[in-house]
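Every number in this text was worked out from the coordinates using simple rules, so none of it is lab data. Note that the structure is a prediction, hence the values are computed from the model and not measured. Quick reminder, even Gly has a Cβ in these numbers, built from the backbone with ideal geometry, and neighbours come from all protein chains shown.
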Amino acid sequence: MHTPVLLEEMMIGLEVHSGGKYIDATFGEGGHTRALLEKGASVLAIDRDSKQIEGQKLNSEGQKLILKQGNFSNIVELAKSSDFFPVDGIIFDLGLSNGQLRSGGKGLSYKNLDEVLDMRLDDSCELDAETILRQYSEKEMIAMFMHNSEETLAVELSKRIALQRVGVRPLTVGWLVEVVNSVAKNNPRPTMTRVFQALRVEVNNEFNNLEKALDGAVSLLAPKGKIAVISFHSLEDRIVKRFIRSHGYVQIGKKPIFGDKELRFERSAVLRIFSL
């Protein structure tokens, strides 16, 4: 099992202790939940991807663990329906799990060329990525790429997609990779990352869900409770930073904690921990 990014720093910052109650709002492959349970804590673990919950290998017998499938934007309802509040800490790890990227079958990674562009993390999403790429106008695609990933080639990409999508069925990861390569010829990988990010954010309404989740999480905290958020791109971190400042909450430490720049999975990670 892959060890979550910045796990030790998060555990220390939240002051995880035996007998405490914690919500792991992004269960994934269970790394954070496992660490919390090993400390003797009780955990409500949430994930919107049912496969992540179904595929978990934690034995809940004899452990203080509740597993819930759901969108963390509904964190208040999920916690109250489980009679799991107030809590000492809440964790949001906004990265995708290795399983989702490597073998999820959703087209989330630009390396899985044969997969169809779906990207839905649950069935509540109104549109999948293929539908968005087929139905959005050039103007709508430009707005999506700029708003969701600040892609500088948004105009050129949107024009090329509009031309290339005609008559192609289905739209696969390989098809989109070819489109990006044809536009960002000199250095396509950063553009590829931003394009896939923009689509995933659009499909799963990630930014709005994060804002709603943070609002709800605050209401579930016990006195001296804390919230930890690990983000993986600047737009997510900006939402968290703005949320903390606009509400006058207290960030633990003057600066956020950054992942190891030498490690591929950590180099973009940013951890912010805050309290009321």
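Odds and ends about this structure:
- Note on the chain: with charges restricted to the Cβ of Lys and Arg (+1) and Asp and Glu (-1), its dipole about the Cα centre is near 600 debye.
- Tilt relative to the chain, helix 234-247 - C-alpha long axis, 0 to 90 degrees, to 10: 40
- As computed over the chain, the Cα convex hull volume per residue (Å³): 128
- Separation in nanometres of the label points that stand 7 Å from Cα toward Cβ, at Asn98 and Phe207: 3.2
- Taken along the Cα-to-beta-carbon direction at a fixed 7 Å, the label points for Ser234 and Lys255 span 1.7 nm.
- Sparse-neighbourhood loop sites, trypsin sites (Lys or Arg not before Pro) in the stretch 152-203 - DSSP loop, at most 11 other Cβ within 10 angstrom: Lys185
- Helix 138-149 vs. the chain, principal-axis angle (Cα, 0 to 90°, nearest 10): 30
- Relative to the dominant Cα principal axis of the chain, helix 188-204 is inclined by about 60°.
- Size-normalised alpha-carbon gyration radius of the stretch 126-204, reference 2.2 N^0.38 Å: 0.97
- Within straight-line reach of Lys68, meaning a Cα separation under 19 Å, sit the following lysines at least 8 residues removed in sequence or on another chain: Lys21, Lys51, Lys57, Lys80, Lys212.
- Alpha carbon centroid spacing (whole Å) that separates the stretch 191-258 from the stretch 30-49: 19
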